[in-house]
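Taking it in order: structure first as structure tokens, then the write-up.
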Amino acid sequence: MLTADDLPSGGATLLGTIATTSGTSVTLSGLDLTGYRQLVCALEGVSGNQTATTRMQLNGANLCIIRWTDPADYFTGLAFIDLSSGIFACSGNTFAAAVAADGAVQGGGGPSGLTAASTSITFTVPTGNFDAGSIKVYGVA
């Protein structure tokens, strides 16, 4: 499985890591994106305490559908954001403990509202709370 450590070096700069261990919203702020064309977000073992399938959101846009009905369920994937158009695409996989296997590949895309002038990036869940995992945000020149 692809992780943040598998991203190429040299062209990508780690801008920060967001712990997804509590709350309904997590933000990486204080960003200076003026030297970057894209962002790559590596979602690693992100989970929550929801009791049904829900959507994780990126700056209010639906990032992916997630199934977190068991405490051991989690989502791992990558989101790519083009800062000139603001468009994002996300692809990943939900591990579902209830079926003891990887679930279907989940993902989405659309407008993120992010540009090179943005100073923060926010991930939210509309129900329940985050309870494990992290999101690493990389800037790509």
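If you filter the stretch 1-30 down to residues that are over 28 Å from GLN50 (Cβ atoms) and of a type in the set (A, V, I, L, M, F, W, C), you find that the one that is modelled with the highest pLDDT is LEU14. Against the test of being assigned to a strand (DSSP E or B), more than 16 Å from ALA61 (Cα to Cα), modelled with pLDDT under 95 and under 12 Å from the mean Cα position of the chain (by Cα), the options GLY133, GLY103 yield a single qualifying residue, GLY133. Selection of the stretch 24-64 for residues being open to solvent by 30 Å² or more (accessible area, probe 1.4 Å) and either closer than 12 Å to PHE123 by Cβ or without any contact (Cβ under 8 Å) to a residue 60 or more places away in the chain (or both) yields THR24, SER25, THR27, THR53, ARG55, GLN57, ASN59, GLY60, ASN62.
So in the stretch 40-88, with the set limited to residues that are within 18 Å of LEU28 (Cα to Cα) and acidic (Asp, Glu), which one is modelled with the lowest pLDDT? Filtering first and then ranking leaves GLU44. Look at the stretch 70-94: where a residue is over 26 Å from THR115 (Cβ atoms) and a partner is open to solvent by less than 10 Å² (accessible area, probe 1.4 Å) and part of a loop (DSSP other than H, G, I, E, B), sitting 6+ places away or on another chain with Cβ atoms under 7 Å, you get THR94/ASP73. Tallying residues that are in a strand (DSSP E or B) and surrounded by 15 or more Cβ atoms within 10 Å (Cβ to Cβ) within the stretch 108-130 yields 7.
The values are calculated or read from the model by the stated rules, or taken from the named source; none is laboratory data. Treat the numbers as computed from the prediction; the structure is a model and nothing was measured. With ideal geometry, Cβ positions are generated from the backbone for all residues, glycine too; neighbour counts draw on all protein chains shown. Protein only, heavy atoms only, side chains kept; ligands, DNA and RNA dropped before computing areas. Shrake-Rupley method; radii C 1.70, N 1.55, O 1.52, S 1.80 Å.
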